Amino acid sequence: MVHALLVQLPVPRLNYGVHTGNIPLGAACLKQAARRVPGAQVDILPESIAAYVGDAALLEILLERKPDVIGFTVYCWNLERSLYFAQKLKQLTASRIVFGGPEITPDNPAVISDAVDFYVYGEGETIFAKLLEDPSTWKAGSAQEPAGALFEASPSPYLLNLLEPEIENVMLLETQRGCPYRCGYCYYNKSHKGVSFADETHLLQGVQWALDHGVKELYLLDPSLNVHPGLKELLAKISRINRKRDLEIISEIRAESIDAELADLFAAAGFSWFEIGLQSTNPRALKIMNRPTRLEQFANGAQMLKQRGIVPAIDLIVGLPGDDLQGVSRSIEFVAEHHLADDIQVFPLSVLPGTDFRRNSTVLGLRYNPKPPYTLMESNSFLAEDLLLAIDHAEVRFDVVLYPMPDLDVSWKSGAEGSQTHPNDIAVKIANEPFINKLQLHSKRPLSELTALAKRLTQPYQVFIQPTLSSLAYIKSAVGVLTEINPFTPFEMIFMEPPSMPQSLSILSAVKLQRPHFLDQDLRYLFPAAGNRAVLFTLVTQDANIRFNRDMERQVFWWQKKRFPELTDLSELSDLDGILVDVAVGDGEIAAWQDRMAGHAEDLPFISFANVRLQRRWLMLTMPDDYTVKALNWI
Ligand code: SF4
């Protein structure tokens, strides 16, 4: 009997409870494939645990399970944290460790570690089953072997109840593996030789399963749905299953392929959104990236979707070889003039391992960060400041914020304070176990108590500094204790009306996070200068003068008046980063105020509430699609 545990770590976030998209579909495919191996037991670490538990608590969970094999699905956003866990597990257990996933390519030096016993390149089903079946397979240290007919012949792992669609209210359904296109910045086309399509009967069963299980959104995982054979007939069949369009279907497509008939069929089948890569309108850039595009057909196709209520989410890439600042401006104008900016996404170029751009980076003049997500720093045609200017220009022209600050949640009351001198820590229940989400720091709290609590933190977590705590030395010691065993877990420090201004830089010097953290690289356009973007500092005060606004600092007004703020009050405070509504009235009155204000939320500054239940209510009223209600399970 061999016991394997499969783990997929999420994109790090600074807001607890937001959707992480961390659906372990790859792990579910491996578990499905391993059913043919006699005596193999394969478990998937549930998404609810993997997405929301901090480093130290997660390590304890992995150690308790004592698997013979631990497999990590590795993406650029979880590579370094996966390596950290691999090293810890190697020191403390006899488990064999295998890495697979999009980040694992033969040309990626960043994945190499003594702690990893085996690397799977490309599809994992066949190799994983062999690793469980035949111990001699491990000797090779790495392998690449296609899943072959297994993919075409297998139903979606959701049908075997291997995944938890209720966490994100979304189901991922693979319709195709591989891609016939050869875009220079993309690895996907190389991870699978040729193109394979899922069996149509299985696809339709998947659509029916999503409807039967009340899933809101079905994501057809297909890099370019337009190449699907018999697409029009397939759409007609889906529309018969999704007659009432209860299911919102989303996918990716090349817009030039869309005609009126196809657009009608997409609408009838229940499609609501398509990701559409334009990347650039610059002919030279399009040629170098090997992505020929007929621009007028592109615009026509995207508009046909839009006319039928389907959102075309257009992608642009900044920093492409062959492009320059003027070229980016022309691409931005093209999207704006064709009214296609409804859900615009503008990314800096990532020079990904395994891609043609990575292989030819010297010739193409691309200088990129060697750490994930391998963002372009400058090139022969883009200075570092050009990249910033291009992102700024896109934000202004499209009137969007491409790198928003985290949402505001400074709630800390549970209603169970009683006669306590200090507020309680607030825990959440994850897989029936409590984990600390909001930790209270006050001068009487011994560091030994924090050492124990550090092993039970969520990801991310918050540290509240009570007004009575003025010792900078104590605060620094406390964050040192918390971060030493949680070196990848982002966190927020919230200073409640402190006697003096928080010393963010001095506190940062005591933080033991791994640096640079993925968020330091990923959020590099949040602030022009490099900073520490995995730690957020929030000052909550009744002083409306802005005094706390350096990078990763924000100032929130603590509204403790006897009445609720009106729209004019909120407008007067809109230069601050948010407002904490803490009016001493019953929950019912606060709920009524929330109901009145929710319709204006998009135009208001960030609002938070003192009580965690009311905070959850507000988040669900104003951002129901962004948060996982199961995670906001504050107790
Ligand atoms: S970017 Fe999309 S279309 Fe281009 S090769 Fe990759 S998966 Fe295919």
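Within region 213-260, the set of residues being surrounded by fewer than 18 Cβ atoms within 10 Å (Cβ to Cβ), charged (D, E, K, R) and closer than 27 Å to Ser280 by Cα comprises Asp259 only.
For region 183-215, how many residues are of a type outside the set (Gly, Ala, Ser) and part of a loop (DSSP other than H, G, I, E, B)? Total meeting the criteria: 10. Exactly one residue out of Gln514, Gln555, Gln503 is in contact with a helix residue (DSSP H, G or I) (Cβ under 7 Å, 6 or more places away or on another chain) and either under 28 Å from Val11 (Cα atoms) or without any contact (Cβ under 8 Å) to a residue 24 or more places away in the chain (or both): that is Gln514. Is it true that Ser257 is at pLDDT below 95 and either over 30 Å from the mean Cα position of the chain (by Cα) or over 15 Å from Thr175 (Cα atoms) (or both)? Here the answer is yes, as Ser257 does meet what is asked. Mind checking whether some residue in region 283-292 is more than 30 Å from Leu173 (Cβ to Cβ), away from the ligand (no atom under 15 Å from the Cβ) and either charged (D, E, K, R) or touching a Ser or Thr at 6+ places or on another chain (Cβ under 8 Å) (or both)? Looking through region 283-292, at least one residue is more than 30 Å from Leu173 (Cβ to Cβ), away from the ligand (no atom under 15 Å from the Cβ) and either charged (D, E, K, R) or touching a Ser or Thr at 6+ places or on another chain (Cβ under 8 Å) (or both). If you go through region 1-30 and pick out every residue that is outside any loop (DSSP other than H, G, I, E, B) and more than 10 Å from the chain's Cα centre (by Cα), you end up with 12.
Where helices (runs of 4 or more DSSP H) sit wholly within region 36-123, those with at least 3 residues that are touching a residue at least 12 places away in the same chain (Cβ under 8 Å) and out of contact with any Ser or Thr (no Cβ under 9 Å at 6 or more places or on another chain) occupy 55-65, 79-92. When region 216-232 is filtered for residues that are under 20 Å from Gly21 (Cα atoms), in a loop (DSSP other than H, G, I, E, B) and not basic (Lys, Arg), the ones remaining, listed by number, are Asp222, Pro223.
One residue stands out in region 237-259 among those that are of a type in the set (Asp, Glu) and within 16 Å of the ligand (Cβ to nearest atom): the one that is nearest to Ala210 (Cα to Cα), namely Glu252.
Taken over region 190-212, the residue count meeting the criterion of being free of Cβ contacts under 8 Å to residues at least 60 places away in the same chain, touching a Pro at 6+ places or on another chain (Cβ under 8 Å) and within 14 Å of the ligand (Cβ to nearest atom) is 2.
Every condition in (1) at pLDDT 95 or above; (2) surrounded by fewer than 21 Cβ atoms within 10 Å (Cβ to Cβ); (3) under 18 Å from Cys183 (Cβ atoms) holds for Met289 except the one numbered (2).
The single condition among (1) at pLDDT 95 or above; (2) under 30 Å from Ala115 (Cα atoms); (3) open to solvent by less than 30 Å² (accessible area, probe 1.4 Å) that His192 does not meet is (1).
On the stretch given as region 435-471, residues that are in contact with a Ser or Thr (Cβ under 8 Å, 6 or more places away or on another chain), among the β-branched types (Val, Ile, Thr) and closer than 14 Å to Trp412 by Cβ total 1. Looking at region 219-236, which of its residues are of a type in the set (A, V, I, L, M, F, W, C) and away from the ligand (no atom under 16 Å from the Cβ)? Within region 219-236, Leu234, Leu235, Ala236 meet the criteria. Taking (1) in contact (Cβ under 8 Å) with a residue 24 or more places away in the chain; (2) open to solvent by 50 Å² or more (accessible area, probe 1.4 Å); (3) farther than 19 Å from Ile344 by Cα; (4) touching a Gly at 6+ places or on another chain (Cβ under 9 Å) in turn, Asp264 satisfies each apart from (4). The helices (runs of 4 or more DSSP H) located wholly in region 302-421 that include 1 or more residues which are open to solvent by less than 60 Å² (accessible area, probe 1.4 Å) and touching a Gly at 6+ places or on another chain (Cβ under 8 Å) occupy 356-359, 384-398.
Whether any residue in region 262-282 is of a type in the set (Val, Ile, Thr), assigned to a loop (DSSP other than H, G, I, E, B) and within 16 Å of the ligand (Cβ to nearest atom) is what I want to check. Checked against the condition, which is being of a type in the set (Val, Ile, Thr), assigned to a loop (DSSP other than H, G, I, E, B) and within 16 Å of the ligand (Cβ to nearest atom), region 262-282 yields no hits at all. Considering each residue of region 160-177 in turn, at least one proves to be under 30 Å from Ser361 (Cβ atoms) and either at pLDDT 95 or above or within 16 Å of the ligand (Cβ to nearest atom) (or both). Across region 484-506, what is the number of residues that are buried (at least 22 other Cβ atoms within 10 Å of the Cβ) and over 20 Å from Thr421 (Cα atoms)? Matching residues across region 484-506 total 7.
The values are calculated or read from the model by the stated rules, or taken from the named source; none is laboratory data. Please read these numbers as outputs of a predicted model, since none were measured by experiment. Please note: Cβ atoms are built from the backbone with ideal geometry, for glycine as well, and neighbour counts cover all protein chains shown. Remember, those area values only see protein heavy atoms, side chains included, never the ligands or the DNA or RNA. Shrake-Rupley method; radii C 1.70, N 1.55, O 1.52, S 1.80 Å.
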